[in-house]
Amino acid sequence: MPTRLLPASNAPAFNGWHALLIILMSVPLVIGCWDAPFTNYDDTEHVTENAGVQSGSMGDLFSVSTHFPVTQFSYIADRAVFAGWMPKLLGSWAPGSRAMTLLYHALAALLVWQILLLLRVGPAAALFGALVFAGHPLACETVCWISERKNALAALFGFASVWVWLRLDGRVFRMPLVIVFYLLALLSKPSALGMLPIFMLLEFFGGPAGLVKEGAMRWKPQREWLAIIERITPLLLVSLVSIAINLNVHKFAIIQPPGGSLFTAMLTDIEIVMRYLRNLALPFWLSAVYAVQPATSAADSRVWIAGFGLVLLIALSVAVAENRRRAVFGWLWFFAAMGTSLNLIAIAHLMQDRYIYLSTPGFVLVLIEVSRGLRKRLQLPAPVLPVAAAIWLMLLCGLSVQRGYVWRDMKSIFFDAVNKQPNACYAWYGLGSAYGEEWNALRGQAGVDPKVVYNKKIEWLRAWQNGVDPQRCPDMFRYSSHQRMAVAVGEELNRQHKSAAAEIYFKMAAYPPRETPKDPVLCAEGLNHLSIMALKQNQPERALRLAQEAFQMHQTEYAILAAARAGLMIARGMPQPEMYIKQIRADLKSIDPASDAASQVNALLQDPLLKQ
């Protein structure tokens, strides 16, 4: 039987008052938004308009559109418990759902506390680390945004698997429990893959005994490695299956790495990591969206400045730390848990607060060891550390309350993002979408001044115009949403008879660069508009080519209409257009009479050439 990392007789005692304090520390996260309704920022897709959640069907848990079955099951449970009565009191059942996410977050914080105790940092330090995790404003994105519950559940089950790994070492049911919790974490959110390296690190450091230099580290190959491999292999197999499933399910969202290669992605990540560390230490600039300018070469000065700062920070923190092994382990936890979000397999959002949720325990472990080391080396009076910790925790509480108000609705989320990250395309997209919803609601109301309605529309389109300005937002081409914005702005400019300006925006939608995850529907829409403009410019051949491109992109009635209009113009100049006309007529009649384009089809069929 392998040696236990922590004998049961030495397990830390449970302090009820500490547990209560940790739970209470998480409450400020939702003070500003506890009664807010669901937002239109993904809550519709994941919860309110999710067919599986609405039907309560277990069969939809493994749908191909998403792979968060545990998270979806939790939404089904929320709906069953809250949807019947809560809307009558609070207008929606979102407060109940948000309260459940808060509960999962608080339980994850309690597990962080227990893990730190098992790592032998001491009761006071473990309490401090758990309080930081529980009340840090970075967690607002996970707790306040109902769509991001998957992050809290991944942490809950991921930390539970680490706790079991430490607490039940040497017990026969240890590995089955670890595998179950780890699997639940992966089925909550794939980012839980960041937990796998932590199990390996605990083994190679020799567990808590090795971290406090009471036991041997296991870095060198030896017979004990066979036991380590035996324990890690089932987790590795589960991880590989999860990776394969999620790469297939989410392949539509994966785009090329920032800068164009894995090397430039790593260079870009250096600056991103430094920004994360700043946000952890001084969370004054948190945003729902961040502007990130990829590094395209090692010669980029930002890479050298951020890289030097990161190396210096790690080196100094390890040098100053009271327990250097534990400080190194904390840094490795921090980077390992963030690994799935380090843009080596990239999506459009290169940096988000939620990406370092699982990494936060590693950061607080480093912070604990550095604080103790400084106290020892500077011979600070005993009350200094507790007072400094209390002040920082109170600051975190205040910032969490403030941050919670931001997450009340889509407009406040993105208004805040635009103010903090004015160079982020998606911030402008979100703000414009919020204005667009307000415009849509106003124009449906009787007695509203038409000028108010029009001004709201201009507010919406102006925000989107800012979002598709490559000088203002150089990251715009990472988002297919820039095509949607470009089409809408182009249509408004066209209505204002600014055809030259409108054409620029339609081309943005029709021909996005390679790095953009192209939306074929929006490409086709841009091409259709360009085809119509070419007809107005008396360029029927070009109009026909554009319409055919649109049809190849997305086979819609409007592409057929555009091709028919261009074909008619060409046919008028032909001496014998009969065969051409026959094909146009057949194409038009292939359009469903019940479609939105039917009236335009009927009007076009009245053309004298087509009536012959």
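The values are calculated or read from the model by the stated rules, or taken from the named source; none is laboratory data. Every value quoted in this text rests on a predicted model; they were computed, and no experiment measured them. Positions of Cβ are backbone-derived with ideal geometry, glycine not excepted, and every protein chain shown enters the neighbour counts.
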Might you let me know whether region 328-343 holds any residue that is out of contact with any Leu (no Cβ under 9 Å at 6 or more places or on another chain), in a loop (DSSP other than H, G, I, E, B) and among the hydrophobic types (A, V, I, L, M, F, W, C)?
-> yes
Quick count over region 463-517, residues being more than 20 Å from Pro422 (Cβ to Cβ) and in a loop (DSSP other than H, G, I, E, B), is 11
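Yes or no: Val121 buried (at least 22 other Cβ atoms within 10 Å of the Cβ), over 25 Å from the mean Cα position of the chain (by Cα) and over 18 Å from Arg354 (Cβ atoms)?
Here the answer is yes, as Val121 does meet what is asked.
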In region 541-549, is there at least one residue being buried (at least 20 other Cβ atoms within 10 Å of the Cβ), farther than 25 Å from Tyr479 by Cα, at pLDDT below 90 and more than 34 Å from the chain's Cα centre (by Cα)?
-> yes
When both residues are 6+ apart or on different chains and their Cβ atoms are under 9 Å apart, which pairs have a first residue that lies in region 125-136 and is in contact (Cβ under 8 Å) with a residue 24 or more places away in the chain and in a helix (DSSP H, G or I), and a second that is buried (at least 24 other Cβ atoms within 10 Å of the Cβ) and of a type in the set (Asp, Glu)?
-> Ala125/Glu369
Test: Gly436 is surrounded by fewer than 20 Cβ atoms within 10 Å (Cβ to Cβ) and on the phi > 0 side of the Ramachandran plot | no
When every residue in region 299-317 that is among the small types (Gly, Ala, Ser) and within 27 Å of the chain's Cα centre (by Cα) is compared, the one farthest from Thr264 (Cα to Cα) is Gly309
Taking region 390-446 only, how many residues are farther than 23 Å from Arg98 by Cβ and part of a loop (DSSP other than H, G, I, E, B)?
-> 7
So Lys456, is it out of contact with any Asp or Glu (no Cβ under 9 Å at 6 or more places or on another chain), modelled with pLDDT under 95 and not assigned by TED's automatic domain parsing to the domain that holds Asn279 = no
For region 179-263, which fully contained helices (runs of 4 or more DSSP H) count at least 3 residues that are without any contact (Cβ under 8 Å) to a residue 60 or more places away in the chain and more than 20 Å from Pro361 (Cα to Cα)?
-> 224-249
